[in-house]
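As structure tokens, the structure follows; a few thoughts come after it.
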Amino acid sequence: MTNTGSGSTGTSAVNIVLPNAMAGHDVTFRWRHGSDRSVMEEGGGWWLDAWLGGNGIFNANPATGVQHARVLSKGGNYPIHNASALISPTFAQGATQYSIATAKMAIGNIGTGSSWFFKPVNEELTPPITYVKFDRGTRAIAVYDAAVGGFVDTGALWPDAAYFEVKIVVERATKALRVCLNGATICTGVAGNAHMRLLEFGGVMESGSNGSTFDVDDVTLDNVNTDGGCTP
């Protein structure tokens with residue numbers, strides 16, 4: 001799994017290649033729980049919630065390459081529901097015309113399944129810029145639109161047990177928001193903030209979802225001056 005964060009010009013990228021699940025926790029991971037404390041500095045890399053185990057870097061189902069991140073549902077036994085379990089590094093705020101985030105995700109729900117989300121924010125614990133939610137029952141994709149102060153049903157569905165790519169584009173000057181699924185626009189609206197600096201992934205982990213998985217790969221956070229539309 002590789003995540004890419006670009007500088008304010010969109011030309012200076014930082015690549016972090018993540019290790020196998022148990023092979024090298026010293027590669028910019030911050031663990032919330034567990035015995036490994038090799039990296040603890042704030043802003044030092046990916047934050048992975050290891051509460052009750054199961055979350056980590058694996059080679060079971062990569063979108064590309066050989067590795068990916070995985071969030072595992074504990075089916076109602078997780079201490080905090082609707083919580084972020086995987087958080088990217090925090091990158092410097094860009095000054096370009098557009099702020100862009102992309103991620104490839106695959107949902108493997110078991111039983112009644114879990115609802116999952118992809119949420120870009122400006123800083124940790126701040127209100128989301130937008131909030132892309134993947135419903136467990138209908139497989140509907142909903143997007144938070146700051147203009148309406150709530151979620152909008154996009155009419156799109158996430159594919160079961162297969163990777164799909166979501167791209168989020170925010171125009172800084174206007175906070176105009178576009179959300180794309182596999183290269184096609186599924187929602188336009190207004191973002192809650194103009195600057196995406198880190199990305200959060202997690203799930204509701206409802207009762208009956210034990211063993212359900214949320215795989216994440218090929219995550220990018222970029223700053224550009226040209227609107228490339230929904231092209232991945």
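Structural remarks
- Taking the listed residues Asn55, Asn15, the one that is open to solvent by 10 Å² or more (accessible area, probe 1.4 Å), farther than 20 Å from Ile141 by Cα and modelled with pLDDT of 60 or more is Asn55, with no other qualifying.
- Failed item in (1) in a strand (DSSP E or B); (2) under 26 Å from Pro127 (Cβ atoms); (3) open to solvent by less than 10 Å² (accessible area, probe 1.4 Å); (4) at pLDDT 90 or above, with Val219 passing the rest: (4)
- Those residues of the stretch 175-216 which are of a type in the set (A, V, I, L, M, F, W, C) and over 26 Å from Thr126 (Cα atoms), in sequence order: Ala184
- Of all the residues in the stretch 193-203, those that are under 29 Å from Ser73 (Cα atoms) and open to solvent by 40 Å² or more (accessible area, probe 1.4 Å) number 1.
- For the stretch 172-186, the set of residues classified as within 18 Å of the chain's Cα centre (by Cα), of a type in the set (Gly, Ala, Ser) and open to solvent by 50 Å² or more (accessible area, probe 1.4 Å) is empty.
- Residues that are at pLDDT 85 or above and either touching a Pro at 6+ places or on another chain (Cβ under 9 Å) or under 15 Å from Asn55 (Cα atoms) (or both) within the stretch 79-103 comprise Ser99, Ala101, Thr102, listed in sequence order.
The values are calculated or read from the model by the stated rules, or taken from the named source; none is laboratory data. All values reported here derive from a predicted model rather than from experimental measurement. Note: ideal-geometry Cβ built from the backbone for every residue, glycine included; neighbour counts use all protein chains shown. Just the protein is used for accessible areas: all its heavy atoms, side chains included, with ligands, DNA and RNA removed. Shrake-Rupley method; radii C 1.70, N 1.55, O 1.52, S 1.80 Å.
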